[in-house]
Amino acid sequence: MKGWKWGFVGLLYAAFVLRIGAVEQGRTQPTERISGSAGDVLEDDPVGRLKVFVYELPSKYNKKILQKDPRCLTHMFAAEIFMHRFLLSSPVRTLNPEEADWFYTPVYTTCDLTPNGLPLPFKSPRMMRSAIQLISSNWPYWNRTEGADHFFVVPHDFAACFHYQEEKAIERGILTLLQCATLVQTFGQQNHVCLKEGSIIVPPYAPPQKMQTHLIPEKTPRSIFVYFRGLFYDVGNDPEGGYYARGARAAVWENFKDNPLFDISTEHPTTYYEDMQRAVFCLCPLGWAPWSPRLVEAVIFGCIPVIIADDIVLPFADAIPWEEIGVFIAEKDVPDLDTILTSIPLDVILRKQRLLANPSMKQAMLFPQPAQPGDAFHQVLNGLARKLPHDKNIYLKPGERILNWTAGPVGDLKPW
């Protein structure tokens, strides 16, 4: 009976692909501008709306770390490096701290990598504390607000909680010295201790030039219904199963590994980027954290992102209409994924594809070199500009202190 079922489903999908193909062959899919305030926000120009002072730190906090391991330039956490480089030559930079609206501390806390290229966050809290101690001792600006007019880029799995396992991250909480600062981070989940109010959620880094070289002709039919490449189980870190991805990835595999509508595997082919451009839907499930570069890749390649991560807060949500371009699946509903996706009307799919074709949408998800108008760098600056002017209450009275410099795990207090 199962074979008959999948055969019937396969025939249905063949008809579905032909319908989409007929539309695509008949006329080139136009783009669609994002309606309302989101479209305006996406196209904002931050230049002239804020000034940023970049602290000059000893190279041991940034450049020397990168020299030791250049792989940091290509991993998904590289936004902290490219944001630093962008700000050094940005027209919003000021060399006069007295006129600055914001202060930026360039610390590369994700550049301590394992042989496999994964970041080790264990030294990050000590490194960050050391940098803050330095700027608070050598400049007067931190002490005026205890960081309330400072921003930090913290692109770890769980941001300034500095751990890749959620349970440990929750136990740690956000580094105490960053409690007043604005955090620019990839992690976003509602009602979570690792996301504080006012943080700016950004996309993870995905290499723009590399993706550009893998573009295929726009009229190539999307002959894959659902596409995913990645882990379903993390046996090394979650040997008993069920903890990794809260079981959502395992549910995808167990329910759809034999379904002809689903092109899913742990193998990562050389045609990965091309395959995404041939797919209608691309799964973007949570892993250890709710976010991954698949969100960026799906948008760039016009593949409708299927977001499986309860309560996720997505990048630049005030500018990118995620509800209109993506499909949200509750983790508990993963077993019904095939029914949900095949029930989406064709006109809804085509509108999502038109929105995804908008160049402004794609640009906002990238950190290109050199920077370009409307890119992720500019979206970060837009987010900072919208927080101005600062509330007068952020400025402390002489001798007033809010932060506890001795709080946190004992290991964090050791010198770096």
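The share of alpha-carbon pairs in the chain lying farther apart than 38 Å comes to 24%. Divide by every residue of the chain the summed helix terms, -39500 (n - 2.57) for each DSSP H run of at least 4, and state the resulting mean residue ellipticity at 222 nm, rounded to the nearest 500 deg cm²/dmol. About -9500 deg cm²/dmol. Placing +1 on the Cβ of every Lys and Arg and -1 on the Cβ of every Asp and Glu, with nothing else charged, gives the chain a dipole about its Cα centre of roughly 820 debye. For the chain, the cysteines with no partner cysteine C-beta closer than 4.7 Å are Cys180, Cys284. Of the peptides 265-274, 69-78, the ranking by mean beta-carbon count within 10 Å, highest at the top, reads 69-78, 265-274. Rolling a 1.4 Å probe across the protein heavy atoms gives region 253-297 an accessible surface of 36 Å² per residue. By accessible area, using a 1.4 Å probe on protein heavy atoms only, region 234-392 has 52% of its surface on carbon and sulfur. Highest GNM mean-square fluctuation, the chain, Cα pairs closer than 10 Å: which of Asp347, Asp101, Asp45? Of the options given, Asp347 has the highest mean-square fluctuation. The Kirkwood radius of region 162-216, taken over pairs of alpha-carbon atoms, gives through the Stokes-Einstein law at 25 °C and 0.890 mPa s a diffusion coefficient of 185 µm² s⁻¹.
Label sites at Asn116 and Thr74, each approximated as a point 7 angstrom past Cα along Cα to Cβ, lie 1.8 nm apart. Between Trp405 and Trp253, the simple label model (points 7 Å from Cα in the Cβ direction) yields a spacing of 4.9 nm. Residues of region 103-119 with amide nitrogen under 15 Å from the 7 Å Cα-to-Cβ point of Lys414? Output list for this probe position: empty.
Between region 211-227 and region 326-377, how far is it from one alpha carbon centroid to the other, in angstrom? Each part reduced to its Cα centre gives a spacing of 14 Å. The lysines within cross-link reach of Lys219, meaning a Cα-to-Cα straight distance under 23 Å and a gap of 8 or more places when in the same chain, are Lys210, Lys352, Lys362. With all protein chains in place and a 1.4 Å probe, the accessible surface of region 114-221 carries 49 percent carbon and sulfur. Applying 1/(1 + (r/R0)^6) with r as the Cβ-Cβ distance of Lys168 and Leu388 and R0 = 35 angstrom yields a FRET efficiency of 0.50.
The values are calculated or read from the model by the stated rules, or taken from the named source; none is laboratory data. This structure is a prediction, so every number in the text was calculated from the model and none was measured. Heads up, the Cβs are rebuilt from the backbone with ideal geometry, glycines too, and the neighbour counts pull from every protein chain shown. Remember, those area values only see protein heavy atoms, side chains included, never the ligands or the DNA or RNA. Shrake-Rupley method; radii C 1.70, N 1.55, O 1.52, S 1.80 Å.
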